[in-house]
Amino acid sequence: MRPDVDALATFVQVVDSGSVTAAAARLGLAKSVVSKRVTQLEAQLATPLLHRAPRHVSPTEAGALLAERARALLAQLDTVADDVMAQSGALQGLLRLAAPLSFGSRHLGPLVAAFMAEYPRIEVSLDLDDRHVDLLGGGYDLALRIGRLADSALRARRLGLSRRALCCSPDYAARHGLPATLDALPGHSCLGYANTTAGHLWRFAPAGEPEGEPRSLVLRGRLTANSGEALLDAAMAGIGLVVLPRFLLCDAVRQGRLLRVEIPGWEPVPDVIQLVYPPTPALPLKTRRLLDYLTARIREPFAWDMPFQPGASTAGCGAG
């Protein structure tokens, strides 16, 4: 008897998730259903497929072989289904997408809406959170991330650099003056980002050398927040200096509500903007279409960098 396709897909999900509970959540099934499918598959193949611990499972040698072969088979089946849908023009299904809150609401949301208008049978679940989601365990098809890629198991498509800037309000500058060197920064109120352990660690690279040897400073201020928008509001209110991505600062700088603070010879270390996705043998067509759609529209030179250039114009702050 041939193994059931649903059972194989469930087993692969258990292996990728590392637990029955996580796999059940990702598949939208009861934990008992997932356990039963795996148990029946083991009985059918007459061999143990998983090493079971209270909070974690891992594949046996036979299980690892089955998972590898099943992934390839399931990818081929997905490709066949995608090709049929593409031929009929009926691209459809649910896409789960994750992105940082500020970037997602300002720049990604409009692009996702336009994509959905182009493909009316596509549904999208958009999760906006500055904390990185578990792409595999959470069942996401695609994520936009700003920062270095920690999980080397994921595949990534680089979109460009998210450059950052040091800014303050005109009122703050009038009351406290502007730092002329990095060593002057500890004498100022420096607003901290709380979503990372390095929230009070500001890193600067030699100007024009984003990969150059950085200098790090531990700085404190009157406010620490886990929201870039909250830090932006505080900076505009004159509470202190802030280092934020240019895509978040652009409008405020263009409108004169914030001043760019330039430290001769130094600039904040930039981050990488990238789209990441699971390491499947073949991405579903709907995921590939969204990946290509976003890649074509979020690309350098970014409009949000324009107000930070010499002789800057008053152009908008869009993604491309």
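Summary of values
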{"item": "Matching entry among Asp151, Asp183 (being acidic (Asp, Glu) and modelled with pLDDT under 95)", "result": "Asp151"}
{"item": "Candidates Ala252, Ala319, filtered to the one that is out of contact with any Asp or Glu (no Cβ under 9 Å at 6 or more places or on another chain), modelled with pLDDT under 95 and surrounded by 20 or more Cβ atoms within 10 Å (Cβ to Cβ)", "result": "Ala319"}
{"item": "Of all residues making up the stretch 137-160, the number that are in contact with an Asp or Glu (Cβ under 6 Å, 6 or more places away or on another chain) and farther than 15 Å from Leu97 by Cα", "result": "2"}
{"item": "Subset of the stretch 1-16 (residues that are among the acidic types (Asp, Glu) and either part of a helix (DSSP H, G or I) or buried (at least 18 other Cβ atoms within 10 Å of the Cβ) (or both))", "result": "Asp6, Asp16"}
{"item": "Among (1) within 26 Å of the chain's Cα centre (by Cα); (2) in contact (Cβ under 8 Å) with a residue 24 or more places away in the chain; (3) under 22 Å from Leu294 (Cβ atoms), the one test that Arg71 misses", "result": "(3)"}
{"item": "Residue in the stretch 239-249 that is surrounded by fewer than 14 Cβ atoms within 10 Å (Cβ to Cβ) and of a type in the set (Lys, Arg) present", "result": "no"}
{"item": "Among the residues listed as Arg288, Arg299, the single one being in a helix (DSSP H, G or I) and outside the structural domain of His188 (by TED's automatic domain parsing)", "result": "Arg288"}
{"item": "Where Cys190 falls short, out of the listed (1) exposed (fewer than 14 other Cβ atoms within 10 Å of the Cβ); (2) on the phi < 0 side of the Ramachandran plot", "result": "(1)"}
{"item": "Residue in the stretch 180-194 that is within 24 Å of Gly104 (Cα to Cα) and part of a loop (DSSP other than H, G, I, E, B) present", "result": "yes"}
{"item": "Filter result for the condition that a residue is farther than 21 Å from Gly160 by Cα, assigned by TED's automatic domain parsing to the domain that holds Cys168 and touching a strand residue (DSSP E or B) at 6+ places or on another chain (Cβ under 6 Å), over Arg260, Arg203, Arg254, Arg220", "result": "Arg260"}
{"item": "3 or more residues out of contact with any Pro (no Cβ under 6 Å at 6 or more places or on another chain) and buried (at least 19 other Cβ atoms within 10 Å of the Cβ): qualifying strands (runs of 3 or more DSSP E) within the stretch 17-125", "result": "93-99"}
{"item": "Pairs, first closer than 23 Å to Gln92 by Cβ in the stretch 121-144, second surrounded by 15 or more Cβ atoms within 10 Å (Cβ to Cβ) and among the aromatic types (Phe, Trp, Tyr), C-beta under 6 Å, six or more apart", "result": "Leu142/Tyr277"}
{"item": "Residues being at positive phi and hydrophobic (A, V, I, L, M, F, W, C) - total across the stretch 2-53", "result": "1"}
{"item": "Which listed residue is surrounded by 15 or more Cβ atoms within 10 Å (Cβ to Cβ) and in contact (Cβ under 8 Å) with a residue 40 or more places away in the chain, from Ala153, Ala173", "result": "Ala173"}
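The values are calculated or read from the model by the stated rules, or taken from the named source; none is laboratory data. Source: prediction; values computed, not measured. We place every Cβ from the backbone using ideal geometry, glycine too, and count neighbours over all the protein chains shown.
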